Amino acid sequence: MKFDMDYIAHNNALTESNPYVKLFLTIILLALTLILDNLYFDVLIFVVMSIVILGVAKINYRSYLKFLSIPMAFLVITCIFLVFFFGKGEVIYETGIFGIVVRSDSLHYAIYTFMRVIGCLPCLGFLALTTPIANILHCLESLKVPKILIEIALLMYNTIFIFLNEIDTMKKAQETRLGYHSYMSSFKSLGALASTIFLRSLDKSETLQNSLDSRGYSGELPVYVPKKES
């Protein structure tokens, strides 16, 4: 099942709910998670917001797991670096590899970083998976957020989906040519994919700029404004 966050945001049980309520709820929960610095509260927020996303918004659990998978991968890598390469406290474990050790405060930082991000991810997921981007940008505009930030957010949002679509297309092309049938071929295919997608991203950015210029782009993108109910 292909993950399409934009489709999910437009097709869930909370799509038509007040976007201001969802936006402010997300901001409040994020602030509380960061300010309280409590592991139990982080777990509670993760559980409660996951129940809301899966049970109330009725979003497929596979889509929710896919949403969490990419930031979770970066989170795990970050925490590993925190455990082994940061900290100045007492040594609690020696790996015996190039003098790499685990210190008490580095383990503390890694655990708290992991739990804080775990608490924040479902809050962001709640907003991103239940609210169309047009509604979010309209809320930000009405709250007097600088237009340049809104335009950057819109362009980044569109570019991310173009970027992911390119990766999906090239990966499928590699798979049809048995590019991942062994470990060596997988490494070669991933290297080729990374180098090619970099060049494609440059080409796509130029194409995007040309398309904006051809449509009379003058430095400001119009933002959708929902019709007011009479």
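The values are calculated or read from the model by the stated rules, or taken from the named source; none is laboratory data. Because the structure is predicted, anything quoted here is derived from the model rather than measured. Heads up, the Cβs are rebuilt from the backbone with ideal geometry, glycines too, and the neighbour counts pull from every protein chain shown. Accessible surface areas use protein heavy atoms only, side chains included; no ligands, DNA or RNA. Shrake-Rupley method; radii C 1.70, N 1.55, O 1.52, S 1.80 Å.
Kindly establish whether residue 1 is at pLDDT below 90 and either open to solvent by 90 Å² or more (accessible area, probe 1.4 Å) or touching a Gly at 6+ places or on another chain (Cβ under 7 Å) (or both). Before the answer, list the steps.
Working: at pLDDT below 90: yes; either open to solvent by 90 Å² or more (accessible area, probe 1.4 Å) or touching a Gly at 6+ places or on another chain (Cβ under 7 Å) (or both): yes.
It is true that residue 1 is at pLDDT below 90 and either open to solvent by 90 Å² or more (accessible area, probe 1.4 Å) or touching a Gly at 6+ places or on another chain (Cβ under 7 Å) (or both).
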Say we look at region 72-118 and pick out the residues that are surrounded by 15 or more Cβ atoms within 10 Å (Cβ to Cβ) and outside any helix (DSSP H, G or I); which of these is modelled with the lowest pLDDT?
87
Name every residue in region 5-48 that is hydroxyl-bearing (Ser, Thr, Tyr) and either open to solvent by 70 Å² or more (accessible area, probe 1.4 Å) or farther than 28 Å from residue 164 by Cβ (or both), in order of residue number.
7, 20, 40
Only residues that are of a type in the set (D, E, K, R) and either within 17 Å of the chain's Cα centre (by Cα) or farther than 26 Å from residue 12 by Cβ (or both): list them for region 128-155, please.
144, 147, 151
Tell me which of these residue 58 doesn't satisfy, since it passes every other one: (1) part of a helix (DSSP H, G or I); (2) open to solvent by 90 Å² or more (accessible area, probe 1.4 Å).
(1)
Cβ-Cβ under 7 Å pairs, at least 6 apart or on other chains, region 188-199 side within 21 Å of residue 161 (Cβ to Cβ), far side at pLDDT below 80 and open to solvent by less than 40 Å² (accessible area, probe 1.4 Å)
197/166
Of the listed residues (66, 22), the one being part of a helix (DSSP H, G or I), under 30 Å from residue 142 (Cα atoms) and touching a residue at least 40 places away in the same chain (Cβ under 8 Å) is 22
Enumeration of residues in region 156-172 that are under 14 Å from the mean Cα position of the chain (by Cα) and either over 11 Å from residue 197 (Cα atoms) or touching a residue at least 60 places away in the same chain (Cβ under 8 Å) (or both):
156, 157, 158, 159, 160, 161
Does at least one position in region 210-230 carry a residue that is assigned to a helix (DSSP H, G or I) and β-branched (Val, Ile, Thr)?
no
So is residue 52 open to solvent by 60 Å² or more (accessible area, probe 1.4 Å) and either part of a helix (DSSP H, G or I) or free of Cβ contacts under 8 Å to residues at least 12 places away in the same chain (or both) or not?
no
Name the single residue that is farthest from residue 70 (Cα to Cα) among those in region 137-191 being hydroxyl-bearing (Ser, Thr, Tyr) and exposed (fewer than 15 other Cβ atoms within 10 Å of the Cβ).
142
Per the list (1) modelled with pLDDT of 80 or more; (2) under 30 Å from residue 14 (Cα atoms); (3) of a type outside the set (A, V, I, L, M, F, W, C); (4) in a helix (DSSP H, G or I), residue check on residue 158 breaks on (1)
